[in-house]
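The values are calculated or read from the model by the stated rules, or taken from the named source; none is laboratory data. Just so we're clear, the structure is a prediction, and the values are computed from it rather than from any experiment. Here the Cβ positions follow ideal geometry from the backbone for every residue, glycine too, while neighbour counts run over all protein chains shown. When the accessible area is computed, the model is the full protein with side chains, heavy atoms only, and any ligands, DNA or RNA have been set aside. Shrake-Rupley method; radii C 1.70, N 1.55, O 1.52, S 1.80 Å.
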Number of protein chains: 4
Amino acid sequence: MAGNSIGTIFRLTTFGESHGSAIGGVIDGVPSGAEINIEKIQQQLDRRRPGQSKITTQRKESDTVQIFSGIFENKSTGMPIGFIIQNSDAKSSDYDHLKDTFRPSHADFTYQEKYGHRDHRGGGRSSARETACRVVAGAIAQQILASVGIEIWAYVSSVGEIDCDKPYQELQSTMVDQNIIRCPDQGAANRMIARIEEVRKAGDTVGGTITCVVHSIPAGLGEPVFDKLHADLAKAVMSINAVKGFELGSGFEGSRMLGSEHNDIIDQTKKTTTNHSGGIQGGISNGMDIYFRAAFKPVATLMRDQPSITDAGTQTVVKGKGRHDPCVVPRAVPILESMTAITILDHYLRNKATKVT
Amino acid sequence: MAGNSIGTIFRLTTFGESHGSAIGGVIDGVPSGAEINIEKIQQQLDRRRPGQSKITTQRKESDTVQIFSGIFENKSTGMPIGFIIQNSDAKSSDYDHLKDTFRPSHADFTYQEKYGHRDHRGGGRSSARETACRVVAGAIAQQILASVGIEIWAYVSSVGEIDCDKPYQELQSTMVDQNIIRCPDQGAANRMIARIEEVRKAGDTVGGTITCVVHSIPAGLGEPVFDKLHADLAKAVMSINAVKGFELGSGFEGSRMLGSEHNDIIDQTKKTTTNHSGGIQGGISNGMDIYFRAAFKPVATLMRDQPSITDAGTQTVVKGKGRHDPCVVPRAVPILESMTAITILDHYLRNKATKVT
Amino acid sequence: MAGNSIGTIFRLTTFGESHGSAIGGVIDGVPSGAEINIEKIQQQLDRRRPGQSKITTQRKESDTVQIFSGIFENKSTGMPIGFIIQNSDAKSSDYDHLKDTFRPSHADFTYQEKYGHRDHRGGGRSSARETACRVVAGAIAQQILASVGIEIWAYVSSVGEIDCDKPYQELQSTMVDQNIIRCPDQGAANRMIARIEEVRKAGDTVGGTITCVVHSIPAGLGEPVFDKLHADLAKAVMSINAVKGFELGSGFEGSRMLGSEHNDIIDQTKKTTTNHSGGIQGGISNGMDIYFRAAFKPVATLMRDQPSITDAGTQTVVKGKGRHDPCVVPRAVPILESMTAITILDHYLRNKATKVT
Amino acid sequence: MAGNSIGTIFRLTTFGESHGSAIGGVIDGVPSGAEINIEKIQQQLDRRRPGQSKITTQRKESDTVQIFSGIFENKSTGMPIGFIIQNSDAKSSDYDHLKDTFRPSHADFTYQEKYGHRDHRGGGRSSARETACRVVAGAIAQQILASVGIEIWAYVSSVGEIDCDKPYQELQSTMVDQNIIRCPDQGAANRMIARIEEVRKAGDTVGGTITCVVHSIPAGLGEPVFDKLHADLAKAVMSINAVKGFELGSGFEGSRMLGSEHNDIIDQTKKTTTNHSGGIQGGISNGMDIYFRAAFKPVATLMRDQPSITDAGTQTVVKGKGRHDPCVVPRAVPILESMTAITILDHYLRNKATKVT
């Protein structure tokens, strides 16, 4: 109800502010007896953490996960997994100049209106720092899904106006981490990185998109009507900070097509010859690849002066200070994979209740 | 869990197949003492019903709602509202030729895989007929929201490659129903209608987009982290049949922008001078208009032959028969308004729990 | 949230007031492919309906269930089951004298305080008439559970101070309906019936208890901590009108015992030699019989004058009028079975998510 | 779904095993701006902790709560409260002799059946240690409720066959902690303590009951039909380890009464002259005191030999070893208060959604 949980059977609840002592969460509904490799969780956290390259924020946080329960001898016990990540490099004083100011396109104003106060130190609960907890749960979900053959990967498909023109079928998941922007097309990656450096030097930021792919998903996942698989994916993805759009399969481009172009013909192997549907029909997976794309707005914190107002309503200038990302997409790749894994595993478990025996 | 409910406090649960005796639902969490005009519910249903114009399916259904409970002397009692809509014009025999065939880009195959059977008669539960129940709940939610000043309207913003180029600020909600396509820009509307007629004559179908606007929403609605207002809107909208994409405010175009262009500067009236955010920041409404766009794929049922396979896996041809929409968007306008109203009212009620007194 | 739904996977939502046109509901999460015999649903409704014997209310209602969806050729389709029961014998005028009066120990006052109005005609939503919808869902759940061997039965174990002294192990489920009080011990049944007749003639009412038994339940149902199987059973049972107490296994008597008396020793067949635990340990079924007892208060409507106050706060007298039950327990037997079946089936389905494969 | 959460708006999710490094939880839906005194939380934890008197287990645990988020300068921020309690005195080796044995009337067998393994060290997740997390949330809920005038207290009303004969109206909440058994009737308390000492010396254990009272609750809390206030209280209380029974107001005794004795007559002040209803009518509070009683079975761990079986199914003897409570009720008093506070606050917040404005 208060919005800090996601999932129905496999369910993550998170807590923590960017400048408190720790963030953390509880993962409930983890099936028992699944192999969980804690190092692999840390590897996903490391893909998200600040300070990993020259095109991300220079804040240093190790983002080390500490697990209290629910895993024993590298296996899930079926009990909830409680965990925290200590906040190590929180320089609250970096934010002192913002105490009475509403930063443009941040959550300062809306939190103030809703709760009667706000946490000016890095955004408090509205900070993207909270997404580290999603990565913990997502990395666990990805391991469980991998044990039944389901694979999830994501990559940066555009930065500003620079697109990766190749479709995902021509790209390789193993190439994603070969460069710091996480685009498996090295030519596009180079252009994207150059663009981010340019923008960063100008004290500006830039948006981008990420494409996510799910392979080897069985047919039958997803519920009709309101909890269609792509409706739940859309919610999970749109809940990530800075995401402004979601499209499945043919997406917005599909709205410009004719039915005779768009329909996916089924062949004798029960596969479709095209996949404009993006692997989901009537809200339920059909066994083809699921793929979708998320749009991220440019980061709102600039290294430039911006006009704004104070709590008291007087005009002021927000100074560009602190350590921030010029573009959020490279660090958001594991977050998108995580939200996808959480959603797919939840539906995998939900689907088990469809029949009595 | 089984996907037939939406909302947390204001909550709709629906039932019914396109070719059963009736569809219907229960609306729970309706606050007591709200004025409910049943004629206005019927008016919204009439905007959705088949056979309303030459560019919609020629099936005739009156879609008359019958309410059993929860409304007394035109006021909500706080008790759940149970209702049905009788199915009147169900020609099941129209579908006999499809009994053993998987129609391309329909839910036939996925339902068969999930449930071990499927309803070939008009798609059963996967039929868009189910959305009539959403309109009943949405029309009630719209009336309750209107009583606190919140207005919701939607319009067709593109059909295939024909766009309504004007932004919503230059359009008038009162003009939406002035034409059968429900685009308040009459020039664009004429081109859209002509395009649909062309497509229909070719036995084909075409996609489109709908834009939805929420005026006069108070700041503070939406929950942080997972139940961000736009995440719940995305889910609600993506759960509508044929929707493939959702974008809030600047949306996908925003991903191509710089932060210095995209940020919405707050002026001394606490309004923003631009509204790329689409009225939501950090998942919470900021008091500006909320606006978003949904992409609809072309209807999958064509009046043409299409190759497919039978249940047994042998090749077959799906004949183009029956009465179907060449383009879904004009009838989807009230559905989009309804899902928006359900979501906004739910968050309006949720927000009341934010403080003790 | 508004309290008209129960269950998580197998989930019933009900609507309707005692003096509206119909009551009804939606049953979601019904697994697909289960045999559903509609006559058996009606048989359970007939055990609950008014006017079935001289010791129940003389109101006549056929309580015929009309099902709209979710069942096809006597099998569940996996889609939600929507249904109504028409209200046939509603004599609203019987209640005219109560329009401005709070009846003692009814919900008149509390509904007025909560909703700003109330339905004086038979209690509206607070009427026990609503339990007919529970019986529809319960009868379906009982059939599905029976298909996996789980049997549920209940019987009247006391009326006022008259107890059925035999434990359930010495009674037979087939004997429950051999008499109108539904106590399988004929000697006790005769005394109970005589007592109710006596009380009825005096214009009074009397309370009682019902015992419920679940046979052949597999070990492993129930969730640790908050959703213990008996915690969910307690909620389901306590939600039935007039229930004031619930006890599992040894219950209140168990609180007077020593651990050395109370512990259930496990033998080599993995059965326990005693069953003070009532078939549940740590919130999870252990494969032994589950048994529990519910206490029902005497019906609040008397055929006698009672002092009370009007809405305006002036003193008045509530006249004893209308057609009411002198004792609720014989008609409550199928309701208790139903709430038990709903809860057990829900946990049966929940348990399927405990493991990945 | 997996049972580790309770509440709808005010919602607690817990994690942790008795012999892991820590237990903890997340409290979501805390309204913003409420005064929270962390010392008072610790005081309630101290009332629950082991080793507090000669009649409780001699295990020493400080049970110090560590809060990570959601409270700032002694006020709730509206953000989720994450917390842990370190496990300090876990002597896992105490349990080595139990590794392959099912202890009688414990959850060993049922966890093994459900999850394919179990935690023999103090019961793991099924240990009453988990209830410390409930006390953290309950103590916060009690403080918020106190700020709107609602008071909750509980006391031991029986130990084995020794009853506190006085009704709660003749007892004082300030006297509860005047003795180690937490019975405000000193005469009864002395007899209870003597009985526990006797039982303890015999290596045995004994059950008991606790009565809980809620004062100054407004009329209107609770939802009709399934989420009746007492149904949710019953679930919350029955979810506490060792609870076997729950009764509201007149309870089981009420089932033996006549309607003419049991009905609560409303006087001109809108109070009832008796309160057999226990403050709840039709599932909704009527403004009178709520009171109920919970039955606790005797602790299953004895300091005596008991026969049982091993995992392999061979007969064995469970030795009486370790440090355990001879009677659970004195330490359970704050747990019962906590579950009550969690439930009442949740319904207090739910009730705010009943009207639009």
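Below, the figures for the structure above:
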read-out	value
Enumeration of residues in the stretch C:222-243 that are among the charged types (D, E, K, R) and either more than 7 Å from chain D (Cβ to nearest Cβ) or closer than 19 Å to residue C:338 by Cβ (or both)	C:232, C:235
Check on residue C:304, of a type in the set (Lys, Arg), open to solvent by 30 Å² or more (accessible area, probe 1.4 Å), within 11 Å of chain D (Cβ to nearest Cβ) and in a strand (DSSP E or B)	no
Every residue from the stretch B:136-176 that is over 22 Å from residue B:344 (Cα atoms), within 19 Å of the chain's Cα centre (by Cα) and among the hydrophobic types (A, V, I, L, M, F, W, C)	B:159
Qualifying position, being modelled with pLDDT of 95 or more and either open to solvent by 40 Å² or more (accessible area, probe 1.4 Å) or within 19 Å of the chain's Cα centre (by Cα) (or both), among C:342, C:284	C:342
Residue A:95 vs. criteria hydroxyl-bearing (Ser, Thr, Tyr) and at pLDDT 95 or above	no
Criterion violated by residue C:249 - all others in (1) free of Cβ contacts under 8 Å to residues at least 40 places away in the same chain; (2) within 7 Å of another protein chain (Cβ to nearest Cβ) satisfied	(1)
Residue within the stretch D:288-295 that is over 28 Å from the mean Cα position of the chain (by Cα), within 9 Å of chain C (Cβ to nearest Cβ) and not in a helix (DSSP H, G or I) present	no
Residue check, residue B:19 within 14 Å of chain A (Cβ to nearest Cβ) and open to solvent by 20 Å² or more (accessible area, probe 1.4 Å)	no
Any hit, the stretch D:313-327, residues being under 24 Å from the mean Cα position of the chain (by Cα), surrounded by 24 or more Cβ atoms within 10 Å (Cβ to Cβ), more than 7 Å from chain C (Cβ to nearest Cβ) and under 30 Å from residue D:5 (Cβ atoms)	yes
Residue A:349 farther than 24 Å from residue A:251 by Cβ, more than 9 Å from chain B (Cβ to nearest Cβ), buried (at least 24 other Cβ atoms within 10 Å of the Cβ) and not polar (S, T, N, Q)	yes
Every residue from the stretch A:106-145 that is over 24 Å from residue D:67 (Cα atoms), open to solvent by 20 Å² or more (accessible area, probe 1.4 Å) and in contact (Cβ under 8 Å) with a residue 12 or more places away in the chain	A:106, A:142, A:143
Filtered residues of the stretch A:267-278 (kept if among the polar types (S, T, N, Q), part of a loop (DSSP other than H, G, I, E, B) and more than 7 Å from chain B (Cβ to nearest Cβ))	A:269, A:273, A:274, A:275
In the stretch A:237-251, residue most open to solvent (accessible area, probe 1.4 Å) [restricted to those that are in contact with a helix residue (DSSP H, G or I) (Cβ under 7 Å, 6 or more places away or on another chain) and farther than 26 Å from residue B:160 by Cα]	A:241
Residue D:81, sole failed condition from (1) at pLDDT 95 or above; (2) under 28 Å from residue C:223 (Cβ atoms); (3) open to solvent by 10 Å² or more (accessible area, probe 1.4 Å)	(3)
Evaluation of residue B:35 against (1) farther than 21 Å from residue B:347 by Cα; (2) charged (D, E, K, R); (3) in contact with a strand residue (DSSP E or B) (Cβ under 7 Å, 6 or more places away or on another chain); (4) modelled with pLDDT of 95 or more (one fails), failing number	(1)
Qualifying position, being within 14 Å of chain D (Cβ to nearest Cβ) and either more than 30 Å from residue C:301 (Cβ to Cβ) or surrounded by fewer than 17 Cβ atoms within 10 Å (Cβ to Cβ) (or both), among C:11, C:103	C:11
Filter result for the condition that a residue is under 18 Å from residue A:58 (Cβ atoms) and among the acidic types (Asp, Glu), over A:177, A:204	A:204
Residue that is nearest to the other protein chains (Cβ to nearest Cβ), among those in the stretch B:44-63 that are over 29 Å from residue C:28 (Cα atoms) and out of contact with any Asp or Glu (no Cβ under 6 Å at 6 or more places or on another chain)	B:55
Of all residues in the stretch B:34-61 being small (Gly, Ala, Ser) and touching a residue at least 12 places away in the same chain (Cβ under 8 Å), the one that is nearest to residue B:156 (Cα to Cα)	B:53
Every residue from the stretch A:55-66 that is open to solvent by 40 Å² or more (accessible area, probe 1.4 Å) and at pLDDT 95 or above	A:64, A:66
Of all residues in the stretch A:177-198 being surrounded by 22 or more Cβ atoms within 10 Å (Cβ to Cβ) and β-branched (Val, Ile, Thr), the one that is farthest from the chain's Cα centre (by Cα)	A:196
Some residue of the stretch A:146-156 being open to solvent by 10 Å² or more (accessible area, probe 1.4 Å), closer than 25 Å to residue B:262 by Cα and in a helix (DSSP H, G or I)	no
Among (1) closer than 27 Å to residue B:330 by Cβ; (2) free of Cβ contacts under 8 Å to residues at least 12 places away in the same chain - the single one residue B:72 does not satisfy	(1)
Number of positions in the stretch B:252-266 that are surrounded by fewer than 24 Cβ atoms within 10 Å (Cβ to Cβ), farther than 24 Å from residue B:298 by Cα and either more than 7 Å from every other protein chain (Cβ to nearest Cβ) or hydroxyl-bearing (Ser, Thr, Tyr) (or both)	2
Every residue from the stretch C:300-344 that is among the basic types (Lys, Arg) and farther than 18 Å from residue C:127 by Cβ	C:304, C:319
Residue under evaluation residue C:141, criteria (1) in contact with a Leu (Cβ under 8 Å, 6 or more places away or on another chain); (2) within 14 Å of chain D (Cβ to nearest Cβ), criterion not met	(2)
Condition check for residue C:154: hydrophobic (A, V, I, L, M, F, W, C), closer than 25 Å to residue C:274 by Cβ and in contact (Cβ under 8 Å) with a residue 40 or more places away in the chain	yes
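Every residue, every condition in (1) within 30 Å of residue A:286 (Cα to Cα); (2) more than 11 Å from every other protein chain (Cβ to nearest Cβ); (3) among the hydrophobic types (A, V, I, L, M, F, W, C), yes or no:
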| site | (1), (2), (3) |
| --- | --- |
| B:115 | yes, no, no |
| B:132 | yes, yes, yes |
| B:177 | no, yes, no |
| B:193 | no, yes, yes |
